[in-house]
Amino acid sequence: MLGTNATTASLERVRVDASEQLLTTNQGVAIGDNQNTLKAGLRGPSLLEDFILREKITHFDHERIPERIVHARGSAAHGYFEAYDAMTQYTRAAPFAEKGKITPVFVRFSTVAGERGSKDTARDARGFAVKFYTDEGNWDLVGNNIPVFFIQDAMKFPDLIHAVKPEPHHGMPQAASAHDTFWDFVSLMPESTHMLMWVMSDRGIPRSYRMMQGFGVHTFRLVNDQGQSVFCKFHWKPLQGTHSLVWDEAVKISGADPDFHRRDLWEAIESGEFPEWELGLQIFTEEQAEKFSFDVLDATKLIPEELVPLTPVGRMVLNRNPDNFFAETEQVAFCTAHIIPGIDFSNDPLLAGRIHSYVDTQITRLGGANFHEIPINASLAPVHNNQRDGMHRQALNRGRVAYEPNSLAGGCPFQAGASGFVSFPEITAEDKVRGKPAKFAEHYAQATLFFNSQSVVEQAHIAAAFRFELSKVGVPAIRERMLSSLVNVSQALAADVAAGLGMEVPDAMPTAIVDPLPSEVSVSPALSLLALPGECGIRTRQIAVLVESGLHHASLVSLYEALVDAGAVVHFVGPRVGMFVGDTGAGIEANKSMENSPGFLFDALVVPDGSGAVQALAGNEHTMAFIKDFFKHCKTVLALGAGQELLKMAGIDLVRDKDEGILLADSADMAEVIPTFIKAVAAHRHPSRDSALASK
Ligand code: HDD
């Protein structure tokens, strides 16, 4: 079986397999007729005594639970974390206890704003929540694919979410920040500017959950067995490369396949292509932190990798899909309060609110205080305490003692002392106060750092996203206020966005701090998607090969074999599904059609040789749109022989086409072109063709 680990055994006890079994009621009574209500006569009234009907309908009536207030839409998988080395110098946390140690995990990825049935490719942050089932209890690292957050204090979280969710009077828009209330709020909250830059960049529209970074966001503490502590930030780096969609593509995908990310994760794992991430830690001391120009307790700030480099500590592999979406993905409950000995909190005031919020929300969502007993949430480490009763209690606690101290149960369960969880004894002796530390007042330096670290194309996409979102805002004063805030990030960005809105660049918004400390780093390549090392091959890349009767068969067969060898997923896409006969009389079966799977769903395109096929494709109403999207989205296209004609018809200028990623070849030259094609697909996209550059 794919991906067995310690959670497989513990979940086994609740797995149900109905093959070869009789249909029964929930009381185990075999059901004779599952088609008809019990009635007084064939045309008579239904009888109240029909317990079979009533049990079935009653259960159905209660099949839904409240969706998560945020991160309602998500997908999850099982896997494991493997430590590269013992990290005992810094932490006594169980997953880092020794080299090669394996800890089972369950990971849920999500969008934030959309409801449970909303589209996957909305512009949004993505949740990246990891539950480690460690020997010393469950540790939940509940992060995002963006290393910073919109707000500094949990007090503002309900305001932020009320602003971004559909507007309360008419319930629109769904899974979108492009509306007045969101921009009203963030334009009045300059601390959100840094995160806005990330969400408006292509990071807000990932290509796949498998191709996103993950971040713990807050500063946490590591504590070793001598009680010594250092600060740390958690980073997940995908081995599949970090890749994004472009906006036009994301919008189109959301219509053709709202499950795009869910499907991608599921299919990769089903096919044995297990996604993998490396965990890196930024480890630093409190003394170092005091000297930084920003406050490490401020979740709107990151620590540039140039200032504190990453220490790779292990890898995470996701190798098993859930058996049941509701039982596992929907019922999993992540809580930032779930930490284990060796990990502790910092005083980040956003984190403090989260420590309360997650446990609290599960009590409503999962119907009571016993949600930790739901199999997916249950710890693999044994649980013994004096908590009792409550809705849906499963445990059969034996004996008459449910208190401590006791003598009647020999003092058990007894507290662990220093070997259990002990909070780091941080010295705190200050006045009770509502307020913020001085460095929290600087709101723009890292937004500027982020913008200045992007390539020209990425900067153009950020400007386009601001333009799009603000163009959906109806109140001009909100647009203007946001522009005045952007002036503090970059005059060029503000000018670009203003021009797109037909507005003048306003004066800069007054800042809360006049004399900020100088930043340590002015450009950080790690912040640019395009600057990240991206040579990850073409495993799992989805390649469309257009097919029609009369195609040149031999060239496609050799290409197919080479691509499958390299781990790509090849789809034969025809004007309809079914068989097509090639020039040799051999058939190729289309598993997709241009109608059910438009071109923007794929990573690369192959246009076949064969004049009969080309002529027929030219006459199909879908072909031109199918091809054009690959070009527009800067993806790799290979046109073989006569197939090059179709590119011309689609308006792709072949004279100019020294263009990166547009490959032209004869069917006789397959040996030469295949490696070039594979390299071009591995590059993900060819930004030098981006239309945004035309105006630069
Ligand atoms: Fe949150 C869910 C991530 C701030 C309150 N959050 C939730 C999930 C993720 C995050 C990934 C989904 C977990 C899952 O898949 O089930 N949240 C973050 C990050 C934050 C953050 C990275 C900032 C650094 N969240 C945040 C604050 C609060 C919450 C400040 C409240 C004070 N978050 C919640 C919640 C949710 C949640 C209401 C909804 C469903 C759930 O918890 O289980 O409690």
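Looking only at helices (runs of 4 or more DSSP H) that fall completely inside the stretch 595-696, which ones have 3 or more residues that are more than 29 Å from the chain's Cα centre (by Cα) and over 25 Å from V569 (Cβ atoms)?
Values: elements: 611-618, 623-632, 644-649, 670-682.
It comes to 611-618, 644-649.
Just one of (1) in contact with a Pro (Cβ under 8 Å, 6 or more places away or on another chain); (2) in a strand (DSSP E or B); (3) within 16 Å of the ligand (Cβ to nearest atom) fails for T103. It is (3). Among the residues of the stretch 309-334, those identified as farther than 23 Å from I69 by Cα and either free of Cβ contacts under 8 Å to residues at least 60 places away in the same chain or outside the structural domain of A369 (by TED's automatic domain parsing) (or both) are P309, T311. Checking A9, A18 one by one, the residue that is under 39 Å from the mean Cα position of the chain (by Cα) and either exposed (fewer than 10 other Cβ atoms within 10 Å of the Cβ) or assigned to a loop (DSSP other than H, G, I, E, B) (or both) is A18 and no other. Considering only residues of the stretch 42-94 that are among the small types (G, A, S) and surrounded by 21 or more Cβ atoms within 10 Å (Cβ to Cβ), which is nearest to the ligand (Cβ to nearest atom)? Checking each candidate, the answer is G74.
Condition check ((1) crowded, with 21+ Cβ neighbours inside 10 Å; (2) in contact with a strand residue (DSSP E or B) (Cβ under 6 Å, 6 or more places away or on another chain); (3) within 21 Å of F468 (Cβ to Cβ)) across all residues:
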residue: F149; (1), (2), (3): yes, no, no
residue: M155; (1), (2), (3): no, no, no
residue: P168; (1), (2), (3): no, no, no
residue: Q174; (1), (2), (3): no, no, yes
residue: E191; (1), (2), (3): yes, no, no
residue: S208; (1), (2), (3): yes, no, no
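Checking each residue in the stretch 73-100 for being in contact with a helix residue (DSSP H, G or I) (Cβ under 7 Å, 6 or more places away or on another chain) and not in a loop (DSSP other than H, G, I, E, B) picks out G74, S75, A76, A77, H78, F81, A83.
Any residue at all in the stretch 177-198 that is in a loop (DSSP other than H, G, I, E, B), under 21 Å from the mean Cα position of the chain (by Cα) and touching a residue at least 24 places away in the same chain (Cβ under 8 Å)?
Start the filter on the stretch 177-198 by keeping residues that are in a loop (DSSP other than H, G, I, E, B), which leaves 177-179, 188-189.
Remaining after also requiring under 21 Å from the mean Cα position of the chain (by Cα): 177-178.
Now restrict to residues that are touching a residue at least 24 places away in the same chain (Cβ under 8 Å): 177-178.
Yes: the stretch 177-198 contains one or more residues that are in a loop (DSSP other than H, G, I, E, B), under 21 Å from the mean Cα position of the chain (by Cα) and touching a residue at least 24 places away in the same chain (Cβ under 8 Å).
Applying the criterion of being of a type in the set (G, A, S) and either touching a Lys or Arg at 6+ places or on another chain (Cβ under 8 Å) or at pLDDT below 95 (or both) to the residues of the stretch 338-366, the residue that is surrounded by the fewest Cβ atoms within 10 Å (Cβ to Cβ) is S346.
Reported count of residues in the stretch 131-176, each being over 19 Å from F334 (Cβ atoms), within 14 Å of the ligand (Cβ to nearest atom) and in a strand (DSSP E or B), is 0.
Take A256 and tell me if it is surrounded by fewer than 23 Cβ atoms within 10 Å (Cβ to Cβ) and more than 19 Å from the chain's Cα centre (by Cα).
Working: surrounded by fewer than 23 Cβ atoms within 10 Å (Cβ to Cβ): yes; more than 19 Å from the chain's Cα centre (by Cα): yes.
Spelling it out, A256 is indeed surrounded by fewer than 23 Cβ atoms within 10 Å (Cβ to Cβ) and more than 19 Å from the chain's Cα centre (by Cα).
Given the condition within 13 Å of the ligand (Cβ to nearest atom) and surrounded by fewer than 20 Cβ atoms within 10 Å (Cβ to Cβ), answer yes or no: does some residue in the stretch 406-415 qualify? No, that holds for no residue.
The values are calculated or read from the model by the stated rules, or taken from the named source; none is laboratory data. Note that this is a predicted model, so its numbers are computed, not measured. All Cβ positions, even for glycine, are placed from backbone atoms using ideal geometry, and neighbour counts span all protein chains on display.
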